[in-house]
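Reading through the structure tokens given below for one structure.
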Amino acid sequence: MRTPFRKTAGKVALWILTFVLMVIMCVPGLWVVLTAFRPNAEVLAKPPVWIPEDPGLTNFAKIFGFAADQVAIPVPSYFANSLIIALTSTAIALLIGMSGGYAFARYRFRFKNGIFLGLMLSRTVPGIALSLPVFIIWSKLGLIDTKPGLIIVYVALNVPFTIWLIDGFFRQIPKEMSEAAQVDGCTRWQAFWKIEFPLAKSGIASAGIFAFLTSWNEYALASNLTRSTDSKTLPVGLMDFTAQFTIDWAGMSAMAVIIIIPALILTFLVQKHLIAGLTFGGVKG
Amino acid sequence: MAEITLDKVVKRYGKLEVVHGIDLKIAHNEFVVLVGPSGCGKSTTLRMIAGLEDISDGAIRIGGDVVNDLPPRKRNISMVFQNYALYPHMSVRENLGFGLKIAKQDPKMIEERVAEAAETLGLDALLDRTPAELSGGQRQRVAMGRAIVRHPEAFLFDEPLSNLDAKLRVQMRTEIKKLHQKVKTTVVYVTHDQVEAMTLADRIVIMRDGNIEQVGTPMEVFDHPLNTFVASFIGSPPMNLLPATVRGGAVHFTDGKSLPVPSRLAGKVRDGQEVTFGLRPDDLTPQGHGIAEGGERAQMELEVILSEPLGTETILYTTIAGQEAQGKMYGPRPVSPGERLVFDVALEKAHLFDAATGRSVAAD
Ligand SMILES: Nc1ncnc2c1ncn2[C@@H]1O[C@H](COP(=O)(O)OP(=O)(O)OP(=O)(O)O)[C@@H](O)[C@H]1O
Ligand SMILES: [Mg+2]
């Protein structure tokens, strides 16, 4: 017999568990955001101070060089590099992902399964394991500390996943849709853009967000392949806050907030395309 | 003018040949139904006509021109798919007008055509809905509407009714027939349902394993099946097919029973020939319970195993030569299992097929 009391207790326990899990996930992020608005001294205070006693934008001002006591960090350059590299590599990865995903979903060709498996397996190699070989090749090719150098690496990093995700979405679209469009007067190309692409849009948007965030947040490879404001990205720029013996945690947190914001904005913008369950109904119900 | 001609058309997938050189002539405005069991190549044939599958060998002509290498959009045909394939991101109106819009037609003209098609199919109230907001039958109608707005030279249907429930299927079947009478066009219609084929077709094409077994009007294929396959495929309940031997002008069954060879087939069989005796249930009726009395008849006393009353008639299950056979009782009275009845065999409607080849002896 389950008494009402027991039922309620179960529910409460579930809520507490959910709360604890959420706290574990969210507190570090929250700490970073709070720290961005407090002086460095307060960061290291014991016992810890949770709510900044005198919240202010000093840290941001310092980063951008408006404070007297610190050299400005070239945030605008880093920001521009990050944006250019992330957007370009995402665009290229999506283009390749779309063509590849479509090909895997619609065509039969030799070694199809082998190629697909190979693409997936390439993801099992951690990026950092490749950093030395990539570094050697890139330095021979003169790609070290260039934006194209990093863009190529990120495209390679993202393509398997975008192909896999987009392939899944095209697979969901019955091939009769494109055939109906062709009978209706479309070329194969028109049928793709007018029918299949709009239907796979949410998948392509998801793949785009993933690719963008991967590139935007990537640190390990970027830290090896970049040197200067020519190509340094925001995550690598975070290291500018470490000196030999001290770390400017507050400044680093402020920078982290700067990194997070565009990613959040983009995710919200694209999110409305992310309704996963496509409202089909074009086929039998 | 759009007659469609198939000339020794072959389809191979790699080494596997699935359509073996079929010939077919479809006249202008004719309603032709391709029928046959699953996997016999109906859809493949239709898709070759549409241009959605390459033709491995032979030629297809639409309105006289060889279209082998033309893409679907240049064949001036439209197609209704089994799963309808409506565009889910467009309203019914946009679905209907899509083909005309692609052809860059004048928006006013598109609107008129869409309105015309919507009226023909009773879709007026649904024009602003999306396919997801429609019932199965309504989607089916939109799919047909999309086919008619373009005024194509031919309609191709691939099992358009197989996703509907039984009642709606019968209703839509009638609508398709009406539609064809209204918008006179050549129609090629694929189904595996022989009732659909019989009721819709001007001519039926019966296919099996990538070959055409027989082409003819519904009555021709019903009354004169060329072989046992067609005989068993067309008609419901199916024709009784019983093994027998011809001896001394009579057909002898294995259980010792015999019937005279139908007089119209007398010259077509040899003594000692192994045959299959074909008789439709309608032609095996208890005395006094047939549809038409008179004609060439023989009698057989048979034991009724089971009876299935259907209202105006009752299906009677019996055995001849150890095989189950079905008869029909018109103006039925209750029959109890085990009852022995004298049946009338309408010999002028009976068929004889050569046991070895399965071909009708009347055909040679
Ligand atoms: N892409 C393909 N590759 C290989 N074989 C195929 C392909 N498409 C169809 N076939 C084969 O061709 C034969 C005919 O198929 P088809 O789809 O024309 O049959 P159908 O008569 O339409 O059957 P159904 O009533 O089940 O729709 C089948 O044996 C099928 O397995
Ligand atoms: Mg089929």
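Bear in mind these aren't lab numbers, they're just calculated from the coordinates by the rules spelled out. Values in this document were obtained by computation on a predicted structure and should not be read as measured data. Note that each Cβ is placed from the backbone with ideal geometry, even for glycine, and that neighbours are counted across all protein chains shown.
What to note about this one:
- Cα-based helix-to-principal-axis angle, A:131-141 vs chain A, degrees rounded to 10: 80 degrees
- Close amide-amide hydrogen proximity is noted between B:Gln214 and B:Ile206, each under 5 Å apart and 5 or more residues distant or on a separate chain (H modeled in the peptide plane; Pro and chain starts excluded).
- Karplus-derived 3J(HN,Hα), 6.51/-1.76/1.60, for each residue of the stretch B:26-41, Hz, glycine and proline x: 10, 6, 4, 6, 7, 9, 10, 10, 8, 10, x, x, 4, x, 7, x
- Sorted largest first, extent of the stretch A:122-165 alpha carbons per principal axis (Å): 33, 20, 11
- Each other residue within a Cβ distance under 10 Å of B:Arg73 adds +1 if Lys or Arg and -1 if Asp or Glu, for a net charge of +2.
- Average beta carbon contacts from partner chains per residue of B:75-83, 10 Å cutoff: 4
- Over the C-alpha atoms of the stretch B:240-363, the Rg to Rh ratio, Rh being the Kirkwood estimate, stands at 0.97.
- Remark on B:Val261: its backbone amide H falls under 5 Å from those of B:Ala250, B:Val251, a criterion applied only to residues 5 or more positions apart or on other chains, H modelled at 1.01 Å from N.
- Cα Rg over Rh - the stretch B:153-302, Kirkwood: 1.06
- Reduced Cα scattering model of the stretch B:139-216, Debye log10 I(q)/I(0), q = 0.15, 0.28 Å⁻¹: -0.54, -1.56
- Set the Cα radius of gyration of the stretch A:4-57 against 2.2 N^0.38 Å, with N its number of residues, and you get 1.68.
- Semi-axis lengths, Å, chain A, gyration tensor of Cα atoms, sqrt of 5 times eigenvalues: 41, 31, 18
- Pairs of alpha carbons in the protein assembly as shown separated by more than 48 Å make up 44% of all such pairs.
- Here the stretch B:4-233 was treated as a single set of alpha-carbon atoms; its pair distances binned every 5 Å from 0 give 1, 7, 14, 18, 19, 16, 12, 8, 4, 1, 0, 0 percent.
- With a cut-off of 13 Å between beta carbons, the residues surrounding A:Phe169 carry a summed charge of +1, where Lys and Arg count +1 and Asp and Glu -1.
- Extending 7 Å from the Cα toward the beta-carbon at both A:Trp189 and A:Ala129 defines two label points whose distance is 4.2 nm.
- Over all other residues within a Cβ to Cβ distance under 14 Å of B:Thr120, the charged ones net out to +3, with Lys and Arg as +1 and Asp and Glu as -1.
- For B:Leu34, residues with placed amide H under 5 Å, excluding near neighbours: B:Tyr189, B:Val190, B:Thr191, B:Val205
- Counting other Cβ atoms within 10 Å as a rough exposure proxy, the listed residues A:Phe104, A:Phe109, A:Phe245 run A:Phe245, A:Phe109, A:Phe104 from fewest neighbours to most.
- With viscosity 1.002 mPa s and temperature 20 °C, the Kirkwood radius over alpha carbon pairs of the stretch A:126-224 converts through Stokes-Einstein to a diffusion coefficient of 136 µm²/s.
- Applied to the stretch A:160-176, the Karplus parametrisation 6.51 cos²θ - 1.76 cosθ + 1.60 on θ = phi - 60° returns per-residue 3J(HN,Hα) values of x, 5, 5, 4, 4, 5, 5, 3, x, 6, 5, 4, 6, 8, x, 5, 4 Hz, with x for Gly and Pro.
- Solvent-free Debye scattering, log10 I(q)/I(0), computed from the Cα coordinates of the stretch B:247-320 at q = 0.23, 0.24, 0.28 Å⁻¹: -1.22, -1.28, -1.50
- Residue by residue along B:96-103, Cβ atoms of other protein chains within 10 Å of the local Cβ number 4 on average.
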